[in-house]
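First the structure, in the form of structure tokens, and then the observations on it.
The values are calculated or read from the model by the stated rules, or taken from the named source; none is laboratory data. Everything numeric here is computed off the predicted structure, so don't read it as measured data. Don't worry about glycine lacking a Cβ; one is built from the backbone with ideal geometry, like all the others, and counts go over all protein chains shown. Accessible surface is based on the protein model in full, side chains and every heavy atom, while ligands, DNA and RNA are left aside. Shrake-Rupley method; radii C 1.70, N 1.55, O 1.52, S 1.80 Å.
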Amino acid sequence: MRYFMAALAVFGLDQVTKWLVLKKMSLYESIPLWEGVFHITSHRNRGAAFGILQNQQWLFITITVAVVCGITWYLIRLKRTQPLMSWSLALILGGAVGNLIDRIRWGEVVDFLDFRLIHYPIFNVADSAIVIGVGLMIFLTLRQPHEQEEAFTKEAGETR
């Protein structure tokens, strides 16, 4: 249950920050927090990451619903056996639902975090949670074979 609560917290933070941008800023308005480095910029994205596949909302909605269902099933299946993997899935779930709600309500995703120093595409809290969750998942997946090999080697050494 704690992982679903974490996903709900990510979703809530995402929706509150987007609501603030929608209510307090006009489209394309930019507020420098650190001039030339980091701005809050009201932006909309009708595509996927980096603006690819513009105006394919039904494709994104369909894929996201499938991903949300898959993650939910997997989180229930994992229970407490793999806590770090569960945390990564919770972050992905909360972010995916946050962007899904935008696509359903407005046909586009509200973005506002604008790192200008590195000329990175404008993104939001949901995107951040997804990237962190996927990064953690990749790390755990790459680390796992090494741990399994160590456990196997240890067991083989004990049987000799």
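Here are some notes:
- Karplus-derived HN-Hα couplings along the stretch 101-118 (A = 6.51, B = -1.76, C = 1.60, θ = phi - 60°), whole Hz, x at Gly and Pro: 4, 4, 4, 5, 6, 10, x, 7, 9, 7, 10, 7, 7, 10, 8, 7, 4, 9
- With the helix formula -39500 (n - 2.57) applied to DSSP H stretches of n ≥ 4, the chain reaches a computed 222 nm mean residue ellipticity of -23000 deg cm²/dmol.
- Under the combined filter of DSSP loop state and at most 11 neighbouring Cβ atoms within 10 Å, the stretch 1-34 retains these chymotrypsin sites (Phe, Trp or Tyr not before Pro): TYR28.
- Apportionment of accessible area to carbon and sulfur, the chain, percent (1.4 Å): 68
- The trypsin sites (Lys or Arg not before Pro) of the stretch 30-113 that meet both conditions, a loop assignment by DSSP and at most 13 other Cβ atoms within 10 Å of the site Cβ, are LYS79, ARG80.
- Spacing of the two label points (7 Å from each Cα toward its C-beta) at LEU142 and VAL16, in nm: 3.4
- Over the chain, relative contact order from alpha-carbon pairs under 8 Å, at least 6 apart, %: 30
- Were the residues from LEU27 through MET1 laid out at 0.36 nm apart, the gain over their Cα-Cα distance would be 5.6 nm.
- Close amide H pairs (under 5 Å, H built 1.01 Å from N) link ARG44 with ASP111, residues at least 5 positions away or on another chain.
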